[in-house]
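Input: a single structure, listed below in structure tokens.
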Amino acid sequence: MIDPDTSLLLGKLVLGRSVASLATLHEGRPFASMIPYAVLVTGRDPHANDAATGDAGSIVLVSHVSRLSPHTRDMLATPEVCLLVTAPEPTDPSGPPPQALPRVSLPATATFVDPAHPAHEALKLAYLGRFPHASDWFQLGDFSIVVFEPTSARFIAGFARAMTLSPQQLHTAVAAAAAGG
């Protein structure tokens, strides 16, 4: 069980960062890259084919990727990925050691969303809300929206404070932080 303060720390971490490390399989070998993301908190899965099949709530991380990038081709070949979101390192040398920094590893499924899909506009708006400079890139034919739907979360809240969480616990933490805590 995750206590309310730790849950809020997790939610603020996911919402407060805009870049994650992305791990994919590249030609059968591990590959890591950086990916910008926005968060969309929904009442149901935004890329479900039928609204009735959505669950009570979910979060997805939204990105806009070019098919020219190796990680995009990797996700198309193998949609099982992992994102790592970390708190920033302290600028004060007397701050906490790196092992004590909050971080969350998010195993996820990457799904590419067709522009004709009903959820595309909401996902695009979520991304542009975080990255308004990217608006021109939506005109380029090699870019696509991809959503990452976490299948679990491995949250390190600080030194020796590790926990594995369900997607619903992650949703609850992010939704609470988005609502102001």
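When the stretch 80-101 is filtered for residues that are exposed (fewer than 14 other Cβ atoms within 10 Å of the Cβ) and either assigned to a strand (DSSP E or B) or among the aromatic types (Phe, Trp, Tyr) (or both), only Glu80 remains.
Are any of the residues in the stretch 128-142 of a type in the set (Ser, Thr, Tyr), within 16 Å of Ala20 (Cα to Cα) and not in a loop (DSSP other than H, G, I, E, B)?
First, pick out the residues of the stretch 128-142 that are of a type in the set (Ser, Thr, Tyr): 135.
Next, only the ones that are within 16 Å of Ala20 (Cα to Cα) stay: none.
Among the residues of the stretch 128-142, not one is of a type in the set (Ser, Thr, Tyr), within 16 Å of Ala20 (Cα to Cα) and not in a loop (DSSP other than H, G, I, E, B), which makes the answer no.
If the condition is being crowded, with 17+ Cβ neighbours inside 10 Å and part of a strand (DSSP E or B), then the stretch 151-181 contributes Ala153, Phe155, Ile156, Leu165. The set of residues in the stretch 78-121 that are at pLDDT 95 or above and aliphatic (A, V, I, L, M) comprises Val81, Leu83, Leu84, Val85, Ala87, Val104, Leu106, Ala108, Ala110, Val113.
Scanning the stretch 45-67 for residues that are in a loop (DSSP other than H, G, I, E, B) and either at pLDDT 90 or above or surrounded by 14 or more Cβ atoms within 10 Å (Cβ to Cβ) (or both) yields Asp45, Pro46, His47, Ala48, Gly54, Gly57, Arg67. When each of Ala32, Ala20 is tested for being aliphatic (A, V, I, L, M), within 16 Å of the chain's Cα centre (by Cα) and either assigned to a loop (DSSP other than H, G, I, E, B) or under 18 Å from Ala126 (Cβ atoms) (or both), the lone residue that passes is Ala20. Would it be correct to say that Leu40 is hydrophobic (A, V, I, L, M, F, W, C) and either surrounded by fewer than 15 Cβ atoms within 10 Å (Cβ to Cβ) or modelled with pLDDT of 95 or more (or both)? So Leu40 does not fit the description; no. Phe148 fulfils the conditions (1) surrounded by fewer than 12 Cβ atoms within 10 Å (Cβ to Cβ); (2) closer than 20 Å to Arg17 by Cα except for a single criterion, (1). In the set (1) under 19 Å from Tyr37 (Cβ atoms); (2) loosely packed, with under 14 Cβ neighbours inside 10 Å; (3) without any contact (Cβ under 8 Å) to a residue 40 or more places away in the chain; (4) more than 16 Å from the chain's Cα centre (by Cα), the condition left unmet by Leu125 is number (4). Asp74 passes every criterion in (1) of a type in the set (D, E, K, R); (2) under 22 Å from Arg154 (Cα atoms); (3) modelled with pLDDT of 95 or more apart from (2).
So the check is Cβ under 7 Å with 6+ separation or different chains; which pairs have a first residue in the stretch 136-149 that's of a type in the set (Gly, Ala, Ser) and a second one that's modelled with pLDDT of 95 or more? Qualifying pairs under 7 Å: Ser144/Val65; Ser144/Phe112.
The values are calculated or read from the model by the stated rules, or taken from the named source; none is laboratory data. As the structure is a computational prediction, the values presented were derived from the model and not from experiment. Because the Cβ atoms are built from the backbone with ideal geometry, glycine has one as well, and the counts that use them run over all protein chains shown.
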